[in-house]
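Computed from the coordinates by the stated procedures, all read-outs in this text should not be read as laboratory data. On a predicted model such as this, the values are computed, not experimentally measured, just so you know. Reconstructed Cβ throughout: ideal geometry from the backbone, glycine too, with neighbour counts over all protein chains shown.
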Amino acid sequence: MRCTSCNTEVKAKENFVMFPCPNCGKTIIVRCNSCKASGRKYACSECGFVGP
Ligand SMILES: [Zn+2]
Ligand SMILES: [Zn+2]
């Protein structure tokens, strides 16, 4: 599994968060800790929603 923002592979459960796209709910957004901490943007591949 890879971080949606930076494409880094995530493994440990504590190292990332995942949640459905807030806009369409069709895709699972994965964010690693560093992207979460720095507020890096992510984009939904399904609907193009971009969020912090
Ligand atoms: Zn990341
Ligand atoms: Zn979406």
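Listed by chain and number, the aspartates and glutamates placed with their C-alpha closer than 15 angstrom to that of LYS36 are GLU9, GLU14; residues fewer than eight positions away on the same chain are left out. Label sites at MET18 and ARG2, each approximated as a point 7 angstrom past Cα along Cα to Cβ, lie 1.5 nm apart.
Where does the longest stretch of the chain lie that holds no trypsin sites (Lys or Arg not before Pro) found in a DSSP loop with 16 or fewer other Cβ atoms within 10 Å?
Answer - 12-25.
Each stretch of four or more DSSP H residues adds -39500 (n - 2.57); spread over every residue of the chain, this sum gives -2500 deg cm²/dmol at 222 nm.
In nm², what is the average projected area of the convex hull enclosing the Cα atoms of the chain? Its Cα hull, projected and averaged over all orientations, spans 3.1 nm².
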